[in-house]
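The values are calculated or read from the model by the stated rules, or taken from the named source; none is laboratory data. Everything numeric in this text was worked out from a predicted model, so none of it was measured. Counting neighbours? That spans all protein chains shown, and the Cβs are built from the backbone with ideal geometry, glycine included.
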């Protein structure tokens with residue numbers, strides 16, 4: 001029996017994220033499934049939705065990618081762009097060569113969301129400047145290469161720079177090491193990050209990966225990053241799926257359904273340590289659960305070919321829909337995303353630009369591209385997802401974005417944590 005497709009936009013994006021992450025095969029990476037989805041959704045507006053004598057394979061491929069009907073996907077993309085989230089800069093743009101304009105292209109450009117950039121294609125600097133301006137300066141080059149054959153470009157940009165409500169403590173990397181184990185992240189860095197009161201640290205039972213450890217850090221602007229650690233023998237794509245599952249279940253910036261520490265044996269497991277003791281408490285509380293997480297600082301950058309792997313069919317279909325808007329003739333397609341992210345003591349910043357281009361085919365030249373308590377100790381590869389939540393300092397803003405996973409990352413290499421200038425905490 002076929003699996004029923006989700007209809008909530010956060011669930012749609014989380015499902016599509018599996019296809020986007022699959023293209024990087026467990027390497028250190030950061031991607032924005034939402035950024036890729038926006039390009040597909042807007043390309044779908046090129047389908048006129050007129051009755052046909054037979055199924056349109058290109059439109060069907062795009063619909064399978066976006067996980068919704070093409071009109072519904074287009075409406076939801078427009079809703080997001082028309083109601084910006086306070087923590088996420090979002091933009092889309094369309095550029096075209098003057099001699100590629102047709103009545104069909106002009107009509108399509110009019111159907112794009114009101115906030116979309118609409119400009120004749122002037123050159124590489126134009127696209128690069130747009131990428132810089134709409135990613136808070138984090139991405140300085142648009143992923144499409146301007147050449148004489150380039151006929152049109154459709155792109156999206158997402159970016160965030162947030163500070164944690166409660167910055168991490170900086171601790172010696174020895175606190176990151178799992179007792180009795182060597183060769184993990186703790187052996188590669190001198191310092192690590194330790195959660196403070198106000199961070200949420202839990203064990204969560206997920207459908208994807210069973211029991212996982214989860215940590216959530218939140219900003220005051222309504223973006224939370226959930227880090228999820230699975231058992232050592234669980235495949236990376238399964239841990240990523242669990243991370244999106246936990247992200248979708250956040251209640252604001254707090255983990256929803258979780259496993260009580262009192263339902264587990266005390267002692268050490270591969271997910272962490274549960275220690276039982278007694279403390280003084282006030283009021284009617286008779287049991288207290290607390291959690292601590294130790295994580296590495298990390299950085300990631302990824303260049304993703306969206307015309308290979310599980311995303312290929314959707315983007316090929318989308319580019320073919322756009323090619324129909326152009327004067328008749330053979331065309332070639334490209335679709336790429338570049339993304340960067342940094343997770344540090346003070347906050348989180350990330351950006352992604354997705355670009356899809358249609359080129360005249362007769363001069364296209366192949367090119368090479370580069371591919372590059374409970375105590376949770378994130379001392380081995382793990383997943384992280386940045387999700388839009390209700391801003392505690394401005395509740396009710398960005399409602400259209402609530403629960404939406406914006407960036408996802410697989411952390412396979414730690415970065416050194418900068419010293420704070422104060423004495424490191426060694427507890």
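Looking at region 336-386, which of the residues that are part of a loop (DSSP other than H, G, I, E, B) and in contact with a helix residue (DSSP H, G or I) (Cβ under 9 Å, 6 or more places away or on another chain) is modelled with the lowest pLDDT?
Checking each candidate, the answer is 371.
Answer with yes or no whether residue 287 is on the phi < 0 side of the Ramachandran plot, surrounded by fewer than 17 Cβ atoms within 10 Å (Cβ to Cβ) and not in a loop (DSSP other than H, G, I, E, B).
The answer is no for residue 287.
I'd like the residue in region 68-116 that is over 24 Å from the mean Cα position of the chain (by Cα) and assigned to a loop (DSSP other than H, G, I, E, B) and, out of all such residues, is surrounded by the most Cβ atoms within 10 Å (Cβ to Cβ).
Per the stated criteria, the residue is 97.
Quick one: is residue 54 farther than 18 Å from residue 11 by Cα, in a loop (DSSP other than H, G, I, E, B) and modelled with pLDDT under 95?
Here the answer is yes, as residue 54 does meet what is asked.
Among the listed residues 228, 238, 246, 216, which satisfies the condition of being within 30 Å of residue 356 (Cα to Cα) and under 18 Å from the mean Cα position of the chain (by Cα)?
The conditions single out 238.
With the checklist (1) in contact with a helix residue (DSSP H, G or I) (Cβ under 9 Å, 6 or more places away or on another chain); (2) at pLDDT 85 or above in hand, flag the one item residue 28 doesn't pass.
Every listed condition holds for residue 28 apart from (1).
For residue 265, state whether it is within 28 Å of residue 234 (Cα to Cα), assigned to a loop (DSSP other than H, G, I, E, B) and at pLDDT below 90.
The answer is yes for residue 265.
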